[in-house]
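The values are calculated or read from the model by the stated rules, or taken from the named source; none is laboratory data. Here the structure is a predicted model, which means the values were calculated and not measured. Here Cβ is always computed from backbone atoms with ideal geometry, including for glycine, and neighbour counts include all displayed protein chains.
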Amino acid sequence: MTAQFKRFIEESRGVAAIEFSIVMPLLIFTLLGAVSIYDYTRSDRSVSHAANTVADLAARYDKISSVEMTKLKSIAQMLAGDEQAKVIVTNIEFRGGTYRVVWSEAENTVPITTSDLASMQLPQLGEYNSTIMVSVQKDHSFLFGTHGLNEAQQAASAFRRPLFVEFINLSP
């Protein structure tokens, strides 16, 4: 009996297979987590890029028609990679020491009102100046749902001053 036990202890065949079976699930779990984090970061970057690009485009207009506004919102959704992304394009002015919404257009959500501005962090503006604010928000579903993560919400806002006029008008 002791001879069999001694042979069992000294036997080294199959050790690599046992080590592989212990380590491989950990490596796969780590790889799936890394891919999920990369996908989330890439998606978050696309939301930020969408907000910045559309804010820059909107700031170049002197007057935005409803057709152009629809195109701007579609561009934001396309850049964010989600047709159901929530997009808000707002013109905010600073007058008499307070911020107020001149106009706000939204897709898949409600427009911003002047009362909503109190809870937002806004850029400093001089008297009678305005800014265009573009907010993009989308839901992100993780590829593998590992590490207890299934869904997250991504949002970004961008501000741009009008480039060629003091105020950008919204025309029908």
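The condition of being surrounded by 15 or more Cβ atoms within 10 Å (Cβ to Cβ) and β-branched (Val, Ile, Thr) holds for only one of Val67, Val87, that being Val87. Looking only at residues of the range 136-166 that are more than 19 Å from the chain's Cα centre (by Cα) and at pLDDT 85 or above, we find that the one that is nearest to Met120 (Cα to Cα) is Arg161.
Can you spot a residue in the range 112-119 that is of a type in the set (A, V, I, L, M, F, W, C), in a loop (DSSP other than H, G, I, E, B) and closer than 24 Å to Thr70 by Cβ? Yes. The set of residues in the range 3-19 that are among the acidic types (Asp, Glu) and within 57 Å of the chain's Cα centre (by Cα) comprises Glu11, Glu19.
Within the range 1-48, restricting attention to residues that are closer than 30 Å to Val87 by Cα and among the polar types (S, T, N, Q), the residue that is surrounded by the most Cβ atoms within 10 Å (Cβ to Cβ) is Ser46. Of the residues making up the range 148-167, not a single one is surrounded by 13 or more Cβ atoms within 10 Å (Cβ to Cβ), assigned to a loop (DSSP other than H, G, I, E, B) and among the small types (Gly, Ala, Ser). On the stretch given as the range 95-119, residues that are exposed (fewer than 13 other Cβ atoms within 10 Å of the Cβ) and of a type outside the set (Gly, Ala, Ser) total 4.
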